[in-house]
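In what follows, a single structure is set out as structure tokens and then discussed.
Here, each number is a calculation from the coordinates, and none is a lab measurement. On a predicted model such as this, the values are computed, not experimentally measured, just so you know. Neighbour counts run over all protein chains shown; Cβ positions are idealised from the backbone, glycine included.
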Amino acid sequence: MENYLIEKIKVFSERYLSKLTKLRRDFHQYPELGYNEFKTAERVTKELKKLGIQVKTGVAKTGVVGILTGEKKGKTVALRADMDALPITEQTSLPYKSKNKGLMHACGHDAHMACVIGAAMILSELKEKLPGNVKFIFQPSEESPPGGAKPMIQAGVLKNPHVSGVFGLHCDSAIPVGRIGVKDGPFMAQADSFNLTIKGVGGHGARPHDCIDAILVAAQVIQALQTIASRKIDPVQPVVISVGKIQGGTKRNIICDKVTLEGTARSLNKEVTRRIPVLLKNIISGVARSAGASFELSYSPGYPVLINDHQATDLARETIANMFGRQAIFEIKKPLMGAEDFAYYLEKVPGTFLRLGIRNPKKNAIYPWHHPKFTVDEDAIKIGASVLAGVALDFLNSKKKIQSR
Ligand SMILES: [Zn+2]
Ligand SMILES: [Zn+2]
């Protein structure tokens, strides 16, 4: 990007900082759960319309899509924010803490919206320099699978005009404010869920031989499931299988006839994600059969593996380095086993998902996502807005065709 554009972005991000901070605080005070982001969507719409951006509302229920048409013809790039909050009671003493009882923006989606609106403000100022169009995607319900990204895509947000690159970011309290996390390739896991019921035969605790003990079978199943990671999948491929909930039994001297289990299965590789449910079923059925028990298993695939495009990630690296210097790039070494529905956009269109550094112990911005004391250093908002505006401009200006995987 040319230097004068970088300067302009910096000036505008500075100019809009107080507005964006206020906006983020307004979002923060009135958090809404997935598919209930009505007030939030209304505010997003209002802010985009103020900029003269063409807006479509009610996309996938509460989603909002804005389109900024550049004065020169060219490609279309999308910037995405998520709008939903969490069922958490905020435990901060901030003057703008949540006023919606039991709900909190504890994942920073309030800041993501402010960053994308900030990018819209900056890019609107640079409209005559825009060689193409920018779509601003505000999606519902990132926190709860099946999520909002997929229905937004089904509603056509990546078409008319066709989107050829997509960028988004997520706050990260492990990264100091002022730095941006980048990662090539697989970045976040596919996180599937499963529900299992094991059925045995109940009876008196003193006569186990007349019964089929569902608790014992469940215990064997839980242990045996760990052999998926340790004995069935290539050890260099990360796999997590966890049973997080188990329920069964009524009294110490009654052999339990039914146990229910709920678990999560995660991996970073599409082939592995295909194999896990098959292995799971084989192991459960073998263990259950050996005990004479029966079972019911339901397996639901979660968000797919999030894979950042190499070229798009390199483009973001260059943008960050040009705007803030190389030291602002925080190379994320290892993928995470968490999931994110931004993955769906990346399945369709090349792009990259960045991490926005928000850590600042002086402002108490140290808590992890979903913590009741989660907060962000708001200085990150202008950085996030600038970076998103910058990658959008650089993407539209890039002669290199960024190919889909
Ligand atoms: Zn979250
Ligand atoms: Zn989040």
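Data overview
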item: Near-label residues of region 140-157 by backbone N, under 17 Å of a point 7 Å along Cα→Cβ of PHE38; result: 140-141
item: Choice from LYS101, LYS183, LYS348 showing the highest fluctuation, given a GNM over the chain with Cα pairs closer than 10 Å; result: LYS101
item: ALA224-GLU71 pseudo-label distance in nm [points 7 Å out on the Cα-to-Cβ vector]; result: 7.0
item: Average Cα contact separation per residue, the chain, under 8 Å, 6 or more apart, as relative contact order %; result: 24
item: Whole-number D in µm² s⁻¹ for region 195-300, Kirkwood Cα-pair radius fed into Stokes-Einstein, 37 °C, 0.692 mPa s; result: 229
item: Between region 250-302 and region 1-72, the alpha-carbon center distance in angstrom; result: 44
item: Inter-label distance, nm, simple model (7 Å from Cα along the C-beta direction), GLU128/ARG289; result: 7.5
item: Theoretical gain in end-to-end length, GLN237 to ALA328 [0.36 nm per residue, Cα-Cα removed]; result: 29.7 nm
item: Full-extension gain in nm, HIS310 to LYS22, via 0.36 nm per residue minus C-alpha separation; result: 100.2 nm
item: 40 Å tail of the calculated P(r), the chain, as % of Cα pairs; result: 24
item: Gain in span if fully extended, GLU2 to LYS270, counting 0.36 nm per residue against the direct Cα distance; result: 92.5 nm
item: Rounded if a/c under 1.5, otherwise prolate or oblate - region 49-94, Cα gyration tensor axes; result: prolate
item: Cα-centre dipole for region 207-331 with unit charges at Cβ (Lys and Arg positive, Asp and Glu negative), debye to 20; result: 420
item: Given charges at Cβ of Lys, Arg, Asp, Glu: the chain dipole, positive-most of THR250, SER93, GLY384; result: GLY384
